[in-house]
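The values are calculated or read from the model by the stated rules, or taken from the named source; none is laboratory data. Since we're looking at a predicted model, the values are computed, not measured. Cβ atoms come from the backbone with ideal geometry, glycine included; neighbour counts cover every protein chain shown. Note: areas computed on protein heavy atoms with side chains; ligands, DNA, RNA excluded. Shrake-Rupley method; radii C 1.70, N 1.55, O 1.52, S 1.80 Å.
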Amino acid sequence: MKTPCLNKGEKIILQAQGTLEYRGSRQLGYLFLTNKRLLFMQVTKKIFETDLDGIIDLSIVKRIFLLGVRVKQLCITLNYRRGQGRVYIAVKNPGKWSEMIKERMTLMLAERWGYNGAKPEAPSNTE
């Protein structure tokens, strides 16, 4: 498995093999959660990518998978320029993935609120 190209300051939090159902097709590959994005890749080809900011809703649903077997899958609702869309990802331990994605989304939001662009100064500096 080849790791995806990461942006500056980005690191991989979780990775696992899975199946992506996106735009009416199913594809096998690897799911990566970084501290900023969610990516799904086949060897070196990026099949799906979204910033964590683009996720509107994240849930676990039981859906029909291969051979009619119902399995728990991540259901990710995304905001696109033309509206909203859904992506389903079958991956081992979807509960853990859901928790980690939500945690990363919360941390990103907290980081954004904690920094307003000003230069930080020590409280003792009264000049």
Residues (more than 13 Å from ALA90 (Cα to Cα) and touching a residue at least 60 places away in the same chain (Cβ under 8 Å)) located in the range 1-22: ILE13, LEU14
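For the range 70-109, what are the residues that are in a helix (DSSP H, G or I), closer than 18 Å to TYR30 by Cα and open to solvent by less than 40 Å² (accessible area, probe 1.4 Å)?
Within the range 70-109, PRO94, GLY95, TRP97, SER98, ILE101 qualify.
Quickly run through the range 1-23 and pick out the residues that are open to solvent by 100 Å² or more (accessible area, probe 1.4 Å) and modelled with pLDDT under 85.
Initial filter on the range 1-23 (open to solvent by 100 Å² or more (accessible area, probe 1.4 Å)): 1-2, 5, 8, 11, 17, 23.
Of everything in the range 1-23, those that are open to solvent by 100 Å² or more (accessible area, probe 1.4 Å) and modelled with pLDDT under 85 turn out to be MET1, LYS2, CYS5, ARG23.
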Those residues of the range 42-57 which are part of a loop (DSSP other than H, G, I, E, B) and under 15 Å from ALA90 (Cβ atoms) amount to none
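Name the residues in the range 24-49 that are surrounded by fewer than 12 Cβ atoms within 10 Å (Cβ to Cβ), in contact (Cβ under 8 Å) with a residue 40 or more places away in the chain and within 23 Å of PHE65 (Cβ to Cβ), would you? Steps first, answer last, please.
Pass one, the range 24-49, residues surrounded by fewer than 12 Cβ atoms within 10 Å (Cβ to Cβ): 24-25, 43-45.
Subset that is in contact (Cβ under 8 Å) with a residue 40 or more places away in the chain: 43-44.
The answer is VAL43, and nothing else.
Can you give me the number of residues within the range 38-61 that are over 15 Å from the mean Cα position of the chain (by Cα) and more than 23 Å from GLU103 (Cβ to Cβ)? If you could, list the steps in order and put the result at the bottom.
Residues of the range 38-61 that are over 15 Å from the mean Cα position of the chain (by Cα), as a first pass: 42-45, 61.
Now drop any that are not more than 23 Å from GLU103 (Cβ to Cβ), which leaves 42-45.
Total meeting the criteria: 4.
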Across the range 58-69, the tally of residues that are part of a strand (DSSP E or B) and either open to solvent by 80 Å² or more (accessible area, probe 1.4 Å) or over 23 Å from THR106 (Cα atoms) (or both) stands at 3
If you check ASN116, ASN93, ASN35, which single one turns out to be farther than 23 Å from THR19 by Cβ and either at pLDDT 90 or above or under 14 Å from the mean Cα position of the chain (by Cα) (or both)? ASN35
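With respect to LEU39, is the statement that it is farther than 15 Å from MET108 by Cα, of a type in the set (A, V, I, L, M, F, W, C) and assigned to a loop (DSSP other than H, G, I, E, B) true?
On the way: farther than 15 Å from MET108 by Cα: yes; of a type in the set (A, V, I, L, M, F, W, C): yes; assigned to a loop (DSSP other than H, G, I, E, B): no.
No, not satisfied.
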